[in-house]
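As structure tokens, the structure follows; a few thoughts come after it.
The values are calculated or read from the model by the stated rules, or taken from the named source; none is laboratory data. Because the structure is predicted, anything quoted here is derived from the model rather than measured. In this analysis, Cβ positions are derived from the backbone assuming ideal geometry, glycine residues included, and neighbour counts consider all displayed protein chains.
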Amino acid sequence: MLFLALTLTLSAQTIDPRYANPNDWLTYDRDNTGRRFSPLAQITRANVAQMKAEWVFQITRLPTRSEATPLVRDGIMYFTVGGEEAYALDARTGRVLWNYLHKPAVSTESGDPSQPPRQGANWNRGMAISGTRVFMATSDCRLLGIDARNGSLVWQSNVREGLPCFGTTGAPLILGSRVLLGERGGDTGQLRGHLDAYEVETGKLSWRWFTIPAPGEPHADSWPATDVWKVGGAATWTSGTHDPDLNLVYWPTGNPGPKDFDGSDRKGDNLFSNSVVALRPASGERVWHYQFTPHDVWDWDSNETPVLIDALWQGTPRKLLVQANRNGYLYVVDRTSGRFLRATPFAKATWAKEFTSEGRAIPRATAIPNAKGARVCPDVHGGTNWQPPAYNPQTGLMYLTARDSCGIYFPTGPTIDLETQQPQQYFRAVELATGKVRWEYAFEGVQEVNHAGAMTTAGGLVFFSSREGQFLAADAGTGKVLWHFNTGGAIRAGPMTYSVRGKQYVAIMSKAAVFTFALP
Amino acid sequence: MRFLLALLPAILWGQLPSDPAAIAKGEVLYRNTCAGCHGPNLRGGEGPNLFHSRMVVGGPPRNFFSLLSKGRPNTEMIPFRLPEEQLWQIVAYVYSHTRPGLGPPVPGDVAAGEHVFEQAGCRGCHMVSGKGGVLGPDLSSLGLRMPAEKIRESIVNPSAEIAEGYSAVRITLRTGQSMGGTLRNHDNFSYQVLRQDGEYALIDHAEASKIERLSHSLMPATTGLSPEQLQNLVAFLHRQRAPILKFPVTFFNY
């Protein structure tokens with residue numbers, strides 16, 4: 001009975017009314033909270049074993065990988081293929097309604113239009129949707145406004161006007177009349193990260209917030225008094241979340257530079273790298289920040305989803321922000337104030353000696369990269385990475401694709417420590433209340449980095465994938481695998497679910513295809 | 001002389017796209033040199049479908065020429081050691097299919113033509129440069145896709161040839177509800193209809209009691225234009241050459 005009461009309280013989280021229709025999936029993470037929790041419950045623990053492939057869409061122009069989460073609104077599915085193509089499909093049949101192929105103005109980095117974009121610039125995580133428009137980022141740093149009805153280009157804006165372009169890969173995020181987008185390139189040693197807001201109607205830049213303060217601005221003293229802040233990285237290459245009641249948008253930032261593993265020319269905390277920042281949606285004004293890895297020298301981007309959870313925290317209802325960080329810790333922060341509440345490891349992590357009561361991580365002296373090589377866990381790929389996690393208010397569990405692996409870090413770069421610990425990929429369910437791993441699923445086979453994301457439903461299920469393309473459904477409470485399907489290609493995307501005319505579907509992009517599933 | 005030789009490709013190119021003799025020679029060369037991999041109808045075989053190539057459909061002619069003469073390293077696309085003139089003839093032949101609109105600018109007042117486009121209500125159904133309706137095809141790249149004569153015919157007699165995905169239908173559902181629009185896509189199991197209000201109706205065959213494929217276009221024949229206005233409108237539309245590679249929906253079916 002107590003458990004039931006707790007569950008009801010936890011389920012009562014209000015989401016932005018914009019995302020109230022249970023049938024739709026309207027942002028990269030479904031709604032404004034980043035929980036990847038769908039209220040759909042037709043497919044349940046009891047019947048998921050019967051779930052069958054419904055339709056498959058094969059992408060004709062083969063991408064190297066598909067990282068996008070499709071959106072669905074009113075029975076139409078929208079997704080990107082790389083940073084150049086957009087599609088709309090009949091979500092019940094997979095039949096094409098339109099496609100848009102972007103012609104990059106300039107390929108990234110080289111500045112030579114005849115050169116293909118640099119690997120990485122052409123990965124893409126999907127669209128945003130508002131009214132009759134969909135929005136996508138491109139390999140040549142454009143934000144496109146596309147008509148959702150016929151796939152025609154309405155406007156395009158250059159996110160890196162007058163600046164070198166390293167690609168834009170994140171799914172844009174709609175906030176009222178604005179569409180927000182960051183950029184990539186934090187490891188290039190040439191970027192000062194920023195987050196932009198553009199007018200939905202016109203594509204005009206509304207505001208730009210730089211992730212690194214200029215001299216004289218607050219926290220500029222977290223960088224040396226040199227020009228290094230101009231190329232300090234802290235890219236914004238994933239999507240944020242927002243709380244309409246608090247009127248704040250939360251955006252995560254990447255690692256500092258210009259040299260990822262050698263911090264000697266950027267002494268200080270290097271704010272606002274490896275942080276989550278809370279900004280005012282109308283102005284981009286920063287309200288608070290929390291930095292996960294001060295003065296990062298391990299390339300542990302903090303671009304993982306800032307998940308917004310309303311829950312009882314030590315007996316009191318509280319507005320939380322939870323992030324499973326690449327550095328191996330699950331962080332809980334009060335999202336009203338940015339106050340640190342707790343950090344607990346969800347993967348093998350040896351770099352931190354302790355956390356102060358203010359939540360400042362104190363790294364071990366031996367963890368700093370040196371000429372002999374510092375053995376540190378996690379490895380450079382992290383305890384997790386950008387692949388989206390999920391949170392189910394009915395179980396109180398955070399689900400994430402995790403990795404136990406250690407690295408040997410030199411100032412010139414890292415290697416993976418294969419001698420003392422073979423890398424092992426997991427899917428883990430972590431209790432929000434305690435930070436403990438409730439259950440885990442160890443992936444057999446290939447132990448290369450698994451960038452497949454998670455999704456969870458009111459049907460008591462959690463969906464996740466193996467590196468090699470097995471798509472799985474498990475009991476969200478116990479982790480018992482109830483269903484699986486071999487998609488036959490690497491999965492590097494998060495699943496989603498939607499409903500059309502009373503029928504629930506589950507979808508995932510795998511290699512060069514979209515797969516959908518439903519009950520027979 | 002060297003200077004003249006350097007100019008030769010540009011000079012040749014200036015005339016080729018509208019030179020039927022060059023296109024005819026290019027066709028023979030294509031059959032002998034290219035069709036083995038790219039198919040007799042350019043739609044691919046062992047090699048890629050040329051209609052899917054951004055370079056072929058929208059890129060600068062020089063890039064295509066250079067690909068023919070240099071090949072693509074580490075692929076079966078070898079360099080073709082033909083005289084430059086013949087390579088340009090191949091380009092001209094391929095373009096006559098992939099961008100049939102190419103040719104010298106149509107005489108007429110483009111600005112006045114745009115005015116006609118607005119006044120005649122064309123934008124209610126057609127987009128140009130991101131503005132306009134969605135019921136008819138986007139015309140932003142019409143000047144690449146359609147020769148001027150065909151643009152003129154489409155205005156005067158819209159039903160003569162209807163763009164793929166835009167044929168008019170009227171569907172009656174078993175519920176008695178009836179709707180009209182354009183049939184954007186369909187197969188033996190479902191219809192994807194873009195209704196006249198800009199919303200999609202996504203219908204199973206089993207739900208429909210009657211589907212009428214109308215032989216006429218939803219576009220009304222444009223009447224009341226003076227010959228000069230019509231000429232200006234054609235000139236305006238033929239000038240719309242945004243390099244958009246847009247696949248018809250059937251592209252995804254094969």
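Could you tell me how many of the residues in the stretch A:473-501 are out of contact with any strand residue (DSSP E or B) (no Cβ under 6 Å at 6 or more places or on another chain), more than 24 Å from A:Y87 (Cα to Cα) and among the small types (G, A, S)?
The number of residues fulfilling the criteria is 1.
May I ask you to verify whether B:L82 is assigned to a loop (DSSP other than H, G, I, E, B), over 21 Å from the mean Cα position of the chain (by Cα) and under 19 Å from B:V28 (Cβ atoms)?
Values: assigned to a loop (DSSP other than H, G, I, E, B): yes; over 21 Å from the mean Cα position of the chain (by Cα): yes; under 19 Å from B:V28 (Cβ atoms): yes.
When the stated conditions are applied, B:L82 passes them.
Given the residues B:L183, B:L139, which is the only one that is out of contact with any Gly (no Cβ under 7 Å at 6 or more places or on another chain), within 12 Å of chain A (Cβ to nearest Cβ), closer than 28 Å to B:H97 by Cα and not in a loop (DSSP other than H, G, I, E, B)? Steps first, please.
Details: B:L139 fails: not in a loop (DSSP other than H, G, I, E, B).
When all the criteria are applied, what remains is B:L183.
What tally of residues in the stretch A:139-159 results from selecting those that are of a type outside the set (S, T, N, Q) and either touching a helix residue (DSSP H, G or I) at 6+ places or on another chain (Cβ under 9 Å) or assigned to a loop (DSSP other than H, G, I, E, B) (or both)?
6
Does the stretch A:160-200 hold any residues that are assigned to a loop (DSSP other than H, G, I, E, B), out of contact with any Phe, Trp or Tyr (no Cβ under 7 Å at 6 or more places or on another chain) and surrounded by fewer than 24 Cβ atoms within 10 Å (Cβ to Cβ), and which are they?
A:R160, A:E161, A:G162, A:L163, A:P164, A:G176, A:S177, A:D187, A:G189, A:Q190, A:V200, listed by residue number.
Give me a count of the residues in the stretch A:498-519 that are aliphatic (A, V, I, L, M) and surrounded by fewer than 23 Cβ atoms within 10 Å (Cβ to Cβ). Show your work before the answer.
Of the stretch A:498-519, the ones aliphatic (A, V, I, L, M) are A:500, A:506-509, A:512-514, A:518-519.
The next check asks that each one be surrounded by fewer than 23 Cβ atoms within 10 Å (Cβ to Cβ); those that pass are A:500, A:512-513, A:518-519.
Summing the residues that are aliphatic (A, V, I, L, M) and surrounded by fewer than 23 Cβ atoms within 10 Å (Cβ to Cβ) in the stretch A:498-519 gives 5.
Within the stretch B:232-242, is even one residue within 15 Å of B:M146 (Cα to Cα), within 14 Å of another protein chain (Cβ to nearest Cβ) and at pLDDT 90 or above? Walk me through it before giving the result.
Within the stretch B:232-242, the subset within 15 Å of B:M146 (Cα to Cα) is B:233-242.
Then keep just the ones that are within 14 Å of another protein chain (Cβ to nearest Cβ); that gives B:240-242.
This time we only want the ones that are at pLDDT 90 or above, so: B:240.
There is at least one residue in the stretch B:232-242 that is within 15 Å of B:M146 (Cα to Cα), within 14 Å of another protein chain (Cβ to nearest Cβ) and at pLDDT 90 or above.
For the stretch A:143-177, which residues satisfy the criterion of being farther than 26 Å from B:R184 by Cβ and under 20 Å from the mean Cα position of the chain (by Cα)? First the steps, then the outcome.
Residues of the stretch A:143-177 farther than 26 Å from B:R184 by Cβ: A:143, A:157-170, A:173, A:175-177.
Selection gives A:L143, A:V159, A:F166, A:G167, A:T168, A:T169, A:G170, A:L173, A:L175.
Mind listing whichever residues of the stretch B:91-136 are closer than 14 Å to B:V57 by Cα and part of a loop (DSSP other than H, G, I, E, B)? Spell out how you get there, then give the answer.
Applying the first criterion (closer than 14 Å to B:V57 by Cα) to the stretch B:91-136 yields B:91-102.
The answer is B:R99, B:P100, B:G101, B:L102.
Only one of (1) in contact (Cβ under 8 Å) with a residue 12 or more places away in the chain; (2) within 12 Å of chain A (Cβ to nearest Cβ); (3) not in a loop (DSSP other than H, G, I, E, B) is not met by B:S66, so which one is it?
For B:S66, the exception is condition (1).
Mind checking which residues of the stretch A:124-175 are among the hydroxyl-bearing types (S, T, Y), within 22 Å of A:V249 (Cα to Cα) and within 14 Å of another protein chain (Cβ to nearest Cβ)? Can you show your working first?
Going residue by residue through the stretch A:124-175, those that are among the hydroxyl-bearing types (S, T, Y) are A:130, A:132, A:138-139, A:152, A:157, A:168-169.
Cutting the leftovers down to within 22 Å of A:V249 (Cα to Cα) gives us A:130, A:157, A:168-169.
Within the stretch A:124-175, just A:S157 meets the criteria.
Results for (1) within 25 Å of the chain's Cα centre (by Cα); (2) not assigned by TED's automatic domain parsing to the domain that holds B:K131, shown as yes or no for each residue.
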residue: B:A201; (1), (2): no, yes
residue: B:D204; (1), (2): no, yes
residue: B:S209; (1), (2): no, yes
residue: B:G224; (1), (2): no, no
residue: B:N232; (1), (2): yes, no
residue: B:A235; (1), (2): yes, no
residue: B:R241; (1), (2): yes, no
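Starting from residues that are within 18 Å of the chain's Cα centre (by Cα) and not in a strand (DSSP E or B), keep the ones in the stretch A:127-138 and report whichever is surrounded by the fewest Cβ atoms within 10 Å (Cβ to Cβ).
Restricting to residues being within 18 Å of the chain's Cα centre (by Cα) and not in a strand (DSSP E or B), the top hit is A:M127.
Look through B:I151, B:I171 and report the one residue that is more than 10 Å from chain A (Cβ to nearest Cβ), assigned to a strand (DSSP E or B) and crowded, with 20+ Cβ neighbours inside 10 Å. Talk me through it step by step, then tell me what you get.
Numbers: B:I151 fails: assigned to a strand (DSSP E or B).
Being more than 10 Å from chain A (Cβ to nearest Cβ), assigned to a strand (DSSP E or B) and crowded, with 20+ Cβ neighbours inside 10 Å holds for just one of B:I151, B:I171, which is B:I171.
Please go through the stretch A:94-112 and give me each residue that is facing another protein chain (nearest Cβ under 9 Å) and either at pLDDT below 60 or under 15 Å from A:I59 (Cα atoms) (or both), ordered by number.
A:R95, A:V96, A:L97, A:W98, A:N99, A:Y100, A:L101
Go through (1) within 30 Å of B:Q229 (Cα to Cα); (2) surrounded by fewer than 18 Cβ atoms within 10 Å (Cβ to Cβ) and name the single condition B:S96 misses.
The single condition B:S96 does not satisfy is (2).
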